[in-house]
1. Kindly state which helices (runs of 4 or more DSSP H) lie completely within the range 425-492 and contain at least 3 residues that are under 25 Å from SER186 (Cβ atoms) and modelled with pLDDT of 90 or more.
2. Of the numbered conditions (1) of a type in the set (S, T, N, Q); (2) part of a strand (DSSP E or B); (3) over 30 Å from the mean Cα position of the chain (by Cα), THR336 satisfies every one except a single condition; which is it?
3. Just to be sure I understand the filter: pairs with C-beta atoms under 8 Å, separated by 6 or more residues or on different chains, first member in the range 270-289 and open to solvent by less than 10 Å² (accessible area, probe 1.4 Å) and part of a strand (DSSP E or B), second member more than 13 Å from the ligand (Cβ to nearest atom) and aromatic (Phe, Trp, Tyr). Which pairs pass?
4. Open to solvent by 30 Å² or more (accessible area, probe 1.4 Å), closer than 18 Å to GLU173 by Cα and touching a residue at least 12 places away in the same chain (Cβ under 8 Å) - does that describe any residue in the range 257-269?
5. With respect to ASP138, is the statement that it is touching a Lys or Arg at 6+ places or on another chain (Cβ under 6 Å), farther than 27 Å from ARG19 by Cβ and within 16 Å of the ligand (Cβ to nearest atom) true?
6. Could you give every pair whose Cβ atoms fall below 9 Å, whose first residue belongs to the range 526-553 and is more than 17 Å from LEU579 (Cα to Cα), and whose second residue is part of a strand (DSSP E or B) and β-branched (Val, Ile, Thr), counting only separations of at least 6 or pairs across chains?
7. Residues to consider are LYS364, LYS399; find the one that is at negative phi, surrounded by fewer than 14 Cβ atoms within 10 Å (Cβ to Cβ) and in contact with a His (Cβ under 6 Å, 6 or more places away or on another chain).
8. Out of the residues in the range 263-309 meeting the condition of being among the small types (Gly, Ala, Ser) and closer than 26 Å to VAL180 by Cβ, tell me which one is farthest from the ligand (Cβ to nearest atom).
Amino acid sequence: MDTASAQKRIEALRYELDRHNYLYYVKAQPELSDFEFDQLLKELEALEKEFPQFDDPMSPTRRVGSDITSEFIQVKHRYPVLSLSNTYSEGELRDFDSRIRRETNTTPAYVCELKFDGVSISLNYEKGVLKHAVTRGDGVQGDDVTTNVKTIRSIPLKLQGSGWPDAFEIRGEILMPFDVFNRLNSEREANGETPFANPRNSTAGTIKMQDSAVVASRSLDAYFYYVPGEIRLTDSHFENLEKAAEWGFKVSEHTKKCMGIDQVIEFIRYWDAQRFQLPVATDGVVVKVDSIPLQNDLGTTAKSPRWAVAYKFKAEQVSTRLLSVSYQVGRTGAVTPVANLEPVQLAGTVVKRASLHNADIIEKLDLHINDIVKVEKGGEIIPKIVGVEAESRHPLNAKVQFIETCPECGTPLVRIEGEAAHYCPNEATCPPQIKGKIIHFISRKAMDIDGMGEETVELFFNKGMVKNIADLYRLNPEDIASLERLGDKSAARIIDGLEASKKVPFARVLFALGIRYVGETVAKKLVAAFKNIDHLMEASYEQLIDVNEIGQRIAESILNFFGNSENRFLVDQLRQIGLQFELSDEELEGTSNTLNGLSIIISGTFEKHSRNELKKMIEQHGGKNVGSISKKTSYMLAGENIGPAKLEKVKKLQIPIITEDEFLAMINV
Ligand code: IVH
C-alpha cells in the first residue's frame, strides 16, 4: 500500500474503532461482533507498524496499555476539586432544601444522581483531545494517571460531535464493575495473594499501577457527573450532562431532574433498595441544584459547594445468631475462619456465612458461640460481622478459640511473623493444598490442560491416582476411562491435553508451579531475567530483587520455594517428563548479557521503535528498565518531547543520556 492510501485507511480505521468502542462500552449497543471488531483492530495495528510515521498516542490500538513503567507526576488542578457535605437522614435533607429555598427565594429544580463509590478523576481535553487525567489527590493537586486512564474504553480519547470548548474539563468516577472485581479476586486468591476488600480499593490499586497493560486487562469503567462551573456550557447542570453524553462520555441513565424535595426523597428510597441490582458500587445519592446561576449565587465553603449534598446510604445491618466457626484451607495453606450464621435476609440476599478474616478479628470481637452478632454488607461483597450483643450473651456460651491444628490434615498451624493469617505448613500432603495446586496447574492461564477441570482433579485425587502435579503425567487412558462420568473420549482428550502442555512456554510453566506471589506477570519478568530454571533456582536474594518489580516479599517466597527439596524434586521430575524450563531458541534469539547490571530509564517518543519494544530489548540484553530517576540509574534512553523537569533531574544527577541509535549500537542492532 502506498503511503497516502495507508494514511487514509489508518484514519478511517481509527474513526470506526472509536465509534464502535463508544457503541459497545458507553451505549451498550454494539453493532459489530467481537470478532469483527478485533479484525479491524488487527488491521490497524499492522498498518501502524508498517507506517510508524502516522503514530498517534490517541490511537485505539493504544488502549491495550504497555508495560513501560511510568511515574506519576503531580499536577495542579485548574479548578480545585471540592468534596461534598454528607447527610445521613431525610430530616437533614429537608433542612438542606429549606436553606436553599430561603437563600435563593425560589423552589429550585434538583438533579439527583447516584453517588458512585470508586476513584474520582478529572479529565482535561484540549481541542477535543484527552491531555491529562488527574486523580483527586489533595484537591489542589493530584497524580497524572493519563496512561492508565487511556485504557478505559468507555472514556473518549477524542470528543465526538461539536460545540465543546477548546479547554474542557470533566469530572467523574472510575469504577471496577462487580463481575470484574469478583473475577480478579478469585485470580488473586488462586495466586496466593490477599483479595481486595471491595471494588473501590481494587480500583484505587489498579489506577495507580505502574504497568498500564495490567490496568487494561482489568476492564475498568467510568461515569461522569460534573463539569466545573467556571466552564460555561449551559445554564443547567442537567443539560451540561446531556452535552457530555453527546460528546461521548458515559453519563448515568439514572440521573433524574426532580421538582421539590419529596421527589428527591422518592428517588433516594427507590435506589436505597434497588442499588444492589446495579453493575457497579454506589454508596448514596448526590442532590445538586440544577441552575448554574443559582449554584454561583449559593457559592462554596472552603471544602464543598453549598448547592449540593450527598445522602449516604446506610450499610444494611441485621442481627442473627452465630452457630459455629469453620476453617477453610486454601491452596497456599492459608487458613480462613468463616462464621456460620442462622440464615437471615440482608441487602437482597440470604446470608448464611460471614468472613472472619483471621484470629485477630475473632479476638477483637470477643466472639462466643451462640452470640447474637450484627452482620453488615457495606462496600464489601462478603458480609462481615461488625459487632456482638455481649449484654444478651448466655454465661455458658463458649469463647471462639482459633484452631491450633489443620482441620484437613492435623498438622500444627504456624503464623508467620508480621502476617495476620495462620498457615498449614504441610504443603506436601495436606489435601486441599495438593488439590488446589493441581487445579491451579491445569487452569487456563497456567498449563491450560484440555479436558480437565476442578471436578476431574477432585476425582483423580480421591481415587488416589494423583497425589502431586507430576502424577498427572503418569495417568494412563485405561485408568481414566474406568472412572464414572469419564469415558474413552474424555480420557483421550485429557491425555492429548497433557501431551500438548509439554509445549507450553517456560513463563507459564513457572506460573503454573504455584509459587506464592508469583502471578503471571511476575513469572514473565523472572523468565526474561533468568532465562532458565537453573539460574532462577540458584539466584540470590540480591539477584532476585534486582529484577524490575520483584520486591522483598516475592524474592523471599521464591527462595523459600526452591529451598524446599520436595519442590526441587518436583521440578526435576517435570523436566524429565518434558516440560519447558528454559526460554526456547526462538525466545532466546536476540538476547545477550550486554546490559547486565545496567538500569535504564526510557523517556520521550522514539523514531524507530515503540517504548515497549525498547523496554523489551533492554530486558532481552540483561538490563533493567526503571521507572524513576535515581542516583542508581545508569542511562537515560532519550527520545523526543521529554518533560523539562525530568531532563533537569537527569542532568543534576549527571546521568548519561543516550539516543535511540546509540542504544541500538550498544546492543549491536
Ligand atoms: S459531584 C463539586 N456527583 O463523591 C461537586 N460526586 O464526596 C463535585 N462522587 O469526590 C462532586 N458520585 O468522587 C459528584 N454523582 C456524583 C458523584 C460524586 C460520586 C464522589 C466524587 C467526589 C466525592 C465527594
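The values are calculated or read from the model by the stated rules, or taken from the named source; none is laboratory data. Nothing here was measured: the structure is a model prediction, and the numbers come from that model. Virtual Cβ from ideal backbone geometry, glycine too; neighbours counted across all protein chains shown. Ligands, DNA and RNA are excluded from the accessible area calculation, which covers all protein heavy atoms including side chains. Shrake-Rupley method; radii C 1.70, N 1.55, O 1.52, S 1.80 Å.
1. Answer list for the range 425-492: 431-442, 454-462.
2. (3)
3. Listed by first residue and then by second, the contacts come to VAL287/PHE96.
4. Scanning the range 257-269, I find no residue that is open to solvent by 30 Å² or more (accessible area, probe 1.4 Å), closer than 18 Å to GLU173 by Cα and touching a residue at least 12 places away in the same chain (Cβ under 8 Å), so the answer is no.
5. No: the conditions fail for ASP138.
6. Pairs that qualify, where the first residue is more than 17 Å from LEU579 (Cα to Cα) and the partner is part of a strand (DSSP E or B) and β-branched (Val, Ile, Thr), are ASN548/VAL626.
7. Result: LYS399 is the single residue among LYS364, LYS399 that is at negative phi, surrounded by fewer than 14 Cβ atoms within 10 Å (Cβ to Cβ) and in contact with a His (Cβ under 6 Å, 6 or more places away or on another chain).
8. ALA273
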